[in-house]
Amino acid sequence: MSDIFILIPSRIGSTRLENKPLQNIEGKSLIQRVFENALSITSNVYVATDSNKIKDNLSNVTNNIIMTSSEHISGTDRVYEASTKLNLKDSDLIINLQGDEPFLPKDAVMKMINDYKKNDCDVITLSSDIHSKNDLLDENCVKVQINKDSYANDFYRISDGNNLKKHIGIYGYSLKVLRKIINFDPSERELTKKLEQLRFLDNGLNIYVSYYDKNIPHGIDTQEDLINARKHIKDATKRES
């Protein structure tokens with residue numbers, strides 16, 4: 001029987017927002033909020049990092065921290081090293097959850113997991129609706145073009161093409177598929193567009209795109225995102241009080 005594991009790759013060296021995982025969002029670090037949010041889905045949640053600062057930040061929250069090499073060029077490589085240290089089975093479903101997505105709804109991730117079980121796919125990912133032209137022109141808002149069967153045709157940073165959805169940075173795959181992925185060389189399109197998922201498509205893997213029809217708060221890429229995240233927490237706290 002295969003199990004579900006959520007692995008969160010996290011590193012300090014973000015170029016757009018300094019020390020991003022450690023940024024304070026209303027009393028908790030970004031990486032702590034991502035970790036605790038993931039625990040609502042499964043207890044098998046681990047942070048994969050090369051940073052002792054991140055490890056120390058989480059030390060009062062969890063022991064589920066896997067120290068990985070500082071030489072990795074992508075989160076996928078970091079997740080693979082962590083999965084080998086956990087001795088996962090080839091059939092286990094690994095959810096690669098980006099360390100800057102603190103508000104991903106539980107039901108969105110559960111839909112993705114269920115779609116993975118129901119469809120023949122190498123990789124599963126998540127999408128939601130594009131709400132404005134600004135999303136189309138924002139290179140931090142990645143777009144996915146899907147076919148009639150909900151598989152990905154292509155990914156873009158800037159596009160006004162047809163059949164586009166907003167791509168949410170979360171992936172699911174078996175350890176067997178992940179092992180294939182990390183043995184692929186980075187593709188030319190991946191390096192040009194800085195979109196790692198293009199490596200999957202360019203090497204013949206298919207990606208099923210699960211669709212979530214409700215709003216998903218933006219991930220944290222910029223200082224503006226950080227301000228909005230703090231506001232989101234404050235507003236949620238007011239509603240609950």
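The values are calculated or read from the model by the stated rules, or taken from the named source; none is laboratory data. In this text, all values refer to a predicted model and were calculated from it rather than measured experimentally. Heads up, the Cβs are rebuilt from the backbone with ideal geometry, glycines too, and the neighbour counts pull from every protein chain shown.
Consider the stretch 189-225. How many of its residues are over 23 Å from Pro21 (Cα atoms), in a helix (DSSP H, G or I) and not charged (D, E, K, R)?
5
Got a number for residues in the stretch 182-193 being of a type outside the set (Gly, Ala, Ser), modelled with pLDDT of 90 or more and in contact with an Asp or Glu (Cβ under 9 Å, 6 or more places away or on another chain)?
Result for the stretch 182-193: 5.
Looking only at the stretch 156-176, how many residues end up being more than 15 Å from the chain's Cα centre (by Cα), more than 17 Å from Ile8 (Cα to Cα) and in contact (Cβ under 8 Å) with a residue 24 or more places away in the chain?
Within the stretch 156-176, the first condition is being more than 15 Å from the chain's Cα centre (by Cα), and the residues that meet it are 156-165, 174-176.
Still in the running and more than 17 Å from Ile8 (Cα to Cα): 156-165, 176.
Within this subset, residues satisfying the condition of being in contact (Cβ under 8 Å) with a residue 24 or more places away in the chain are 156-157, 160, 164-165, 176.
Of the residues in the stretch 156-176, 6 are more than 15 Å from the chain's Cα centre (by Cα), more than 17 Å from Ile8 (Cα to Cα) and in contact (Cβ under 8 Å) with a residue 24 or more places away in the chain.
Quick check on Leu104: is it modelled with pLDDT under 95, within 22 Å of Gln197 (Cβ to Cβ), among the aliphatic types (A, V, I, L, M) and over 13 Å from the mean Cα position of the chain (by Cα)? Let's see the steps before the verdict.
Working: modelled with pLDDT under 95: yes; within 22 Å of Gln197 (Cβ to Cβ): yes; among the aliphatic types (A, V, I, L, M): yes; over 13 Å from the mean Cα position of the chain (by Cα): no.
So Leu104 does not fit the description; no.
Would you be able to say whether some residue in the stretch 177-185 is without any contact (Cβ under 8 Å) to a residue 24 or more places away in the chain, buried (at least 19 other Cβ atoms within 10 Å of the Cβ), out of contact with any Ser or Thr (no Cβ under 8 Å at 6 or more places or on another chain) and outside any loop (DSSP other than H, G, I, E, B)? Reasoning before the result, please.
Step one: filter the stretch 177-185 for residues without any contact (Cβ under 8 Å) to a residue 24 or more places away in the chain, giving 183-185.
Narrowing further to those that are buried (at least 19 other Cβ atoms within 10 Å of the Cβ): none.
No, because not a single residue in the stretch 177-185 is without any contact (Cβ under 8 Å) to a residue 24 or more places away in the chain, buried (at least 19 other Cβ atoms within 10 Å of the Cβ), out of contact with any Ser or Thr (no Cβ under 8 Å at 6 or more places or on another chain) and outside any loop (DSSP other than H, G, I, E, B).
Go through the stretch 132-189 and count every residue that is over 20 Å from Tyr212 (Cα atoms) and of a type in the set (Asp, Glu).
Residues in the stretch 132-189 being over 20 Å from Tyr212 (Cα atoms) and of a type in the set (Asp, Glu): 5 in total.
Tally time: how many residues in the stretch 121-142 are touching a Phe, Trp or Tyr at 6+ places or on another chain (Cβ under 9 Å) and either modelled with pLDDT of 95 or more or among the polar types (S, T, N, Q) (or both)?
Residues meeting the conditions: 8.
Any idea which residue in the stretch 108-131 is surrounded by the fewest Cβ atoms within 10 Å (Cβ to Cβ), counting only those that are touching a residue at least 24 places away in the same chain (Cβ under 8 Å) and assigned to a helix (DSSP H, G or I)?
Here the residue is Met110.
Would you mind telling me which numbered condition in (1) exposed (fewer than 15 other Cβ atoms within 10 Å of the Cβ); (2) under 18 Å from Gln32 (Cβ atoms); (3) β-branched (Val, Ile, Thr) Ile73 fails?
Condition (2) is where Ile73 drops out.
When you scan the stretch 194-220, how many residues do you find that are buried (at least 18 other Cβ atoms within 10 Å of the Cβ) and of a type in the set (D, E, K, R)?
The total comes to 2.
Pairs please, first residue from the stretch 43-61 and within 21 Å of Ile94 (Cβ to Cβ), second anywhere and of a type in the set (Lys, Arg) and crowded, with 22+ Cβ neighbours inside 10 Å, Cβ atoms under 7 Å, 6+ apart in sequence or on different chains.
Ala48/Arg78
Within the set of pairs 6+ apart or on separate chains, which have a first residue in the stretch 207-234 that is within 25 Å of Met110 (Cβ to Cβ), a second that is acidic (Asp, Glu) and at pLDDT 85 or above, and C-beta atoms under 6 Å apart?
From residues that are within 25 Å of Met110 (Cβ to Cβ), the pairs are Ser210/Asp115; His218/Asp225; Gly219/Asp100; Gly219/Glu101; Ile220/Asp100; Ile233/Glu26.
Count, please, the residues in the stretch 54-80 that happen to be within 15 Å of Ile12 (Cα to Cα), over 17 Å from the mean Cα position of the chain (by Cα) and assigned to a loop (DSSP other than H, G, I, E, B).
4
For the condition polar (S, T, N, Q) and outside any loop (DSSP other than H, G, I, E, B), what is the one hit in Asn87, Asn162, Asn153?
Numbers: Asn87 fails: outside any loop (DSSP other than H, G, I, E, B); Asn162 fails: outside any loop (DSSP other than H, G, I, E, B).
So the residue among Asn87, Asn162, Asn153 that is polar (S, T, N, Q) and outside any loop (DSSP other than H, G, I, E, B) is Asn153.
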